[in-house]
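Nothing in this text is a laboratory measurement; each read-out follows from the coordinates by a stated rule. Predicted model only: the values in this text are computed from it and were never measured. Methodologically, a virtual Cβ is constructed for each residue, glycine included, from the backbone with ideal geometry; neighbour enumeration extends over all protein chains shown.
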Amino acid sequence: MNERTTLEKIAPSVEEAIAEGLAELGLTAEAVDVEILDGGSRGLFGVGSRQARVRLTVKTPPSGTELNVKKTETIQENPLSGSHEEPVAEVSEEAFNVLDDNLLFISRQTVAELLEKMNIPAHIEVRYGELDEEGQRPVLVDVQGDDLGVLIGHRAEILNALQYIVNLIVSKQVEHWVQVVLDVQGYRVRHERQLRQMAQRMADQAMKAGRRQVLEPMSAGDRRIIHLELRDHPGVTTQSVGEDPTRKVTIIPKE
């Protein structure tokens, strides 16, 4: 190996980060040099907390030997217990991929910690969304479980508040703004579909009646969905009127 393989890991503690890194590399603790980049810290309710971050660098093999990731047998050692596991006969080259996606990990871990503080068991899935107008991909976090209505609240007030907190925590940890879209049991998908259907119905009414239709007050996000749905409509235009929190969308028939 001409260059020493390195891998950075982020986890709630230094010990967990090291253990995860060793498992991914398929190496023992003696086979790597460990550099603690951030010891991490815990904040109240997750706010202000930081994940631990470590860098594992594979040691240079002794002279005359070469690390063969396809054939070499290695013994994985748990740095927490010191116990040994069965030999691993084959280690994939993919295990040495240094492009570990810490953003998805941090996003999932942040939501998991908030739910743990709230004593709400749930299954969490994370993935990237489609590119936005600025060429950025939002992080989509989907929470699944039983009786999670408490996380949504009236008109998604609780869900939006949680999403705001998650955005602040994740953005602070990665040191740049990240858009995290938090959803619970597909609520946002269903809600967006209902808004688009309503927009088309109200547009039809505006055209048939020949007068503008004023919708109920909505959040900025909901108003944006209405505007986008009717942006290319041949018979109506839209505009927002009023001041938050009672700002509304008005659907106006074209002359």
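Take Met118, project a point 7 Å from its Cα along the Cβ direction, then tell me which residues of the stretch 152-180 have their backbone nitrogen under 13 Å from it.
Taking a point 7 Å out along Cα→Cβ of Met118, the residues of the stretch 152-180 whose backbone N falls under 13 Å are 152-154, 156-167.
Round to the nearest 0.05 the FRET efficiency obtained for Val241 and Glu30 when R0 = 45 Å and r is the Cβ-Cβ distance.
0.05
Scan around Leu37 for amide H atoms under 5 Å from its own, H built in the peptide plane at 1.01 Å from N, and keep only partners 5 or more places away or cross-chain.
Arg53, Val54, Arg55
Got a sec to turn the phi values of the stretch 116-131 into Karplus ³J(HN,Hα) couplings, 6.51 cos²θ - 1.76 cosθ + 1.60 with θ = phi - 60°, whole Hz, x for Gly and Pro?
For the stretch 116-131, the Karplus curve yields 5, 5, 8, 6, 10, x, 6, 9, 10, 10, 10, 6, 8, x, 6, 4 Hz.
Got a sec to turn the phi values of the stretch 242-255 into Karplus ³J(HN,Hα) couplings, 6.51 cos²θ - 1.76 cosθ + 1.60 with θ = phi - 60°, whole Hz, x for Gly and Pro?
Couplings: x, 10, 4, x, 10, 5, 10, 9, 10, 9, 10, x, 6, 7 Hz.
With a ≥ b ≥ c taken as the square roots of the eigenvalues of the C-alpha gyration tensor of the stretch 188-253, please select rounded if a/c is under 1.5 and otherwise prolate if a/b is larger than b/c or oblate if it is not?
oblate
Name the residues of the stretch 150-180 whose amide N is less than 17 Å from a point 7 angstrom out from the Cα of Asp38 along the C-beta direction?
166-180
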